[in-house]
Amino acid sequence: MIRMTEERRERLLRAARVGSTGELAAAAVLVCGFPLLLAAALLGQAGLFAAAAAATYLADHFLHRRGSYLLSRMAKARAGLGVRFLLRHLMLVLLLVRLDEADTTVTLAAISCFVAFHGLQVPHSALSTLLRNRHRLPVATRNIDLSRLALPAPPPQALLHRGAEKMQHLDLFAVAGVLAAATGASAPVAYAGIGATLALALAYVLALAACMRPGKLPPRRERVLEWFDGWLAEHQPDTVLYFSGSPESTYQVSMWLETMEQLAARGLRPLVLLRERYTLETLAETTVPVACVPSAVHLMNLDLTMLRVALYPANVGKNIHLLREPTMKHVFVGHGDSDKLASVNPYSKVYDEVWTAGRAGRDRYALARVGVRDEDIVEVGRPQLAPVLSGPLPREGRVPTVLYAPTWEGWTDDPGNTSLILAGEHIVRALLQAPDPVRVLYKPHPFTGTRSPLAREAHEKVMAMIEAAGGDHQVVTGPEPKLYDCFNIADALVSDISSVVSDWIASGRPYAVTDSAGLGEEEFRRQNTAVRAAVVLDNRASGIEQLLAALRDPAGDPLADARADLKTYLLGPSGPDPLARFEQAVKELATKAGIRNLESLTHE
């Protein structure tokens, strides 16, 4: 019964898209509080009105402090912040009428106060919007010197952060004073509260206006874009890593940052070009210059003729804003190498070249027949895998670790997308109950549960199982530790058809892949290259004994030789250094771009 109640609570939270029962309770207080305010006003019950008003104020503040999604839902239902405060004020006036205070100066003062107060919301909102827009530069940067722009200090954060909520809550002084007068206090108490509200609201507006004075605002967008064009002309970047994506997909560009740094150390001049500001905020640390240009118009008006090679980690619509530039060569490098259908997306035809880690990527495109020509595919290795330790890890005095890293549910309901929904609980239970103890490390894909409620539910159950088991078992859901850090402390892997498996093969250690679609072991191996050296699990986790046996006796592991052969096929030869191969590929393509540009000038 307790478990059923908990599951119902979780389903209710997911349906309301809130993170806690506290948010749901606060929303319920707001929904019930306003009818109660109206009833108290009509009945002339000042005490009940005060209690209901206090409850709704606290609920409003709680939801704003949590940044609850329910607030946007209320706004869409015509119950936004301003409406809620206006309704409180109207019902307070109604209460005064029911208390036979309609002819008193307190009532007149209260009405005048609320009219002026809501009137001040207009300049407050306008000034706040103007300040945010003016201080949101058309180009946001990291590791780029902004001193030539002479940017002023931004407005105090206290003025703009949750500014609308702060402004509206200044009415508390007036509301409290008027209610006090309605319940027997002297009129000056109401006047004092009204005066405090109006004075503070006016002061807030004047403080925002002061931030608009000459010298307090950054240069206009045209000047900023002109400066950035100048920086590009002076810095002369030759290689750009271009990225657009959702907040959860930042890892796709972050995985290439170290490679860009190494290219810079070898004499190239890379630039990371982003399209969303939230990506800049969550991007991993790097020493490479980073620029975020959200506007397509601004990006397409920049002079980017100095760039020779553009690298794309993701196939997204906004890529077209750079793909239209003819002076550079465009390359799809992806964010992982796997047997997923996404790895042979027909969109890849738009690039000049497609770079894969090894021969497997080339063969994958040939089999898919999506229009990518073999001569446009270049095998460059996987330079990101340099930090992955290869070979068995030392075992002395240590319980072996098994990393469970399932991929996400994808955009369709294909049961083969992820093992988490059908097999996740069975896999984790089998590991937790292994005859020879193992430590379980669970690191799900960042997108897990974003589309499928079933995946989110399975993810939560797996986390609950691991937390209940206690001990050294661990759940890793954030960006740290990174995936490759998890690789370097794991003796074996359980995963799905994804780039995680291909990258893991660099370690040479045992791994298992789940046949979630129920293809059968033979067909599953035939369709998926990365499974050739894997232990195959079904949705009941049958077969995991073979993986655990390889942990107990590494010398008797029957798949060790197959993993070594597959490593070369998937990731390319171990030498030369993958970074050297990648650098050479960049330089060769840059040369081709330069030659083409010269030929274009000759024909003009």
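The values are calculated or read from the model by the stated rules, or taken from the named source; none is laboratory data. On a predicted model such as this, the values are computed, not experimentally measured, just so you know. A quick note on method: Cβ atoms are made from the backbone with ideal geometry, for glycine too, and the neighbour counts reach across all protein chains shown.
Below is a table of values for the structure above.
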read-out: Qualifying residue in region 152-169 (condition: surrounded by 20 or more Cβ atoms within 10 Å (Cβ to Cβ), within 22 Å of H61 (Cβ to Cβ) and of a type in the set (D, E)); value: no
read-out: Candidate set: region 581-597, residues that are of a type in the set (K, R) and out of contact with any Gly (no Cβ under 8 Å at 6 or more places or on another chain); chosen: the one nearest to T259 (Cα to Cα); value: K587
read-out: Within region 334-353, tally of residues that are in contact with a Ser or Thr (Cβ under 9 Å, 6 or more places away or on another chain) and at pLDDT 95 or above; value: 0
read-out: When residues of region 432-469 are limited to those that are among the hydroxyl-bearing types (S, T, Y) and in contact with a helix residue (DSSP H, G or I) (Cβ under 6 Å, 6 or more places away or on another chain), the one surrounded by the fewest Cβ atoms within 10 Å (Cβ to Cβ); value: T448
read-out: Residue in region 386-395 that is closer than 30 Å to P453 by Cβ, touching a strand residue (DSSP E or B) at 6+ places or on another chain (Cβ under 9 Å) and either part of a helix (DSSP H, G or I) or not basic (K, R) (or both) present; value: no
read-out: One residue from P437, P481, P400, P444 being touching a residue at least 24 places away in the same chain (Cβ under 8 Å) and within 21 Å of the chain's Cα centre (by Cα); value: P444
read-out: Cβ-Cβ under 7 Å pairs, at least 6 apart or on other chains, region 340-357 side part of a helix (DSSP H, G or I), far side of a type in the set (D, E, K, R) and at pLDDT below 90; value: S343/D337; S343/R364; V344/R364
read-out: Qualifying positions in region 85-103 - of a type in the set (A, V, I, L, M), outside any helix (DSSP H, G or I) and touching a residue at least 60 places away in the same chain (Cβ under 8 Å); value: L99
read-out: Among (1) of a type outside the set (S, T, Y); (2) in a helix (DSSP H, G or I); (3) at pLDDT below 95; (4) not assigned by TED's automatic domain parsing to the domain that holds L99 - the single one A181 does not satisfy; value: (4)
read-out: Within region 366-385, considering residues that are part of a helix (DSSP H, G or I) and closer than 23 Å to V253 by Cα, the one modelled with the highest pLDDT; value: D376
read-out: Checklist (1) outside any helix (DSSP H, G or I); (2) out of contact with any Lys or Arg (no Cβ under 6 Å at 6 or more places or on another chain); (3) more than 20 Å from A185 (Cα to Cα) applied to Q121, failing item; value: (1)
read-out: Residue count for region 206-225, restricted to those that are more than 30 Å from L589 (Cβ to Cβ) and part of a helix (DSSP H, G or I); value: 9
read-out: Candidate set from region 470-511 (those that are surrounded by fewer than 22 Cβ atoms within 10 Å (Cβ to Cβ) and β-branched (V, I, T)); member that is farthest from P558 (Cα to Cα); value: T477
read-out: When residues of region 55-84 are limited to those that are within 13 Å of F34 (Cβ to Cβ) and assigned to a helix (DSSP H, G or I), the one modelled with the lowest pLDDT; value: M74
read-out: Residue within region 562-571 that is under 20 Å from S507 (Cβ atoms), over 34 Å from the mean Cα position of the chain (by Cα) and not in a helix (DSSP H, G or I) present; value: no
read-out: Count of residues meeting criterion [at positive phi and in contact (Cβ under 8 Å) with a residue 60 or more places away in the chain] in region 512-542; value: 2
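Yes/no matrix, rows are residues, columns are (1) part of a helix (DSSP H, G or I); (2) in contact with a Ser or Thr (Cβ under 8 Å, 6 or more places away or on another chain); (3) at pLDDT 95 or above:
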| residue | (1), (2), (3) |
| --- | --- |
| S128 | yes, no, yes |
| N133 | yes, no, no |
| L170 | yes, yes, yes |
| A185 | no, no, no |
| Y191 | yes, no, yes |
| A196 | yes, no, yes |
| A199 | yes, no, yes |
| A203 | yes, no, yes |
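Matching residues to (1) in a loop (DSSP other than H, G, I, E, B); (2) touching a helix residue (DSSP H, G or I) at 6+ places or on another chain (Cβ under 8 Å); (3) touching a residue at least 40 places away in the same chain (Cβ under 8 Å); (4) surrounded by 14 or more Cβ atoms within 10 Å (Cβ to Cβ):
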position	(1), (2), (3), (4)
V288	yes, yes, yes, yes
A291	no, yes, yes, yes
L299	no, yes, no, yes
L307	yes, no, yes, yes
A314	yes, yes, yes, yes
K318	no, yes, yes, yes
H321	no, yes, yes, yes
T327	yes, yes, yes, yes
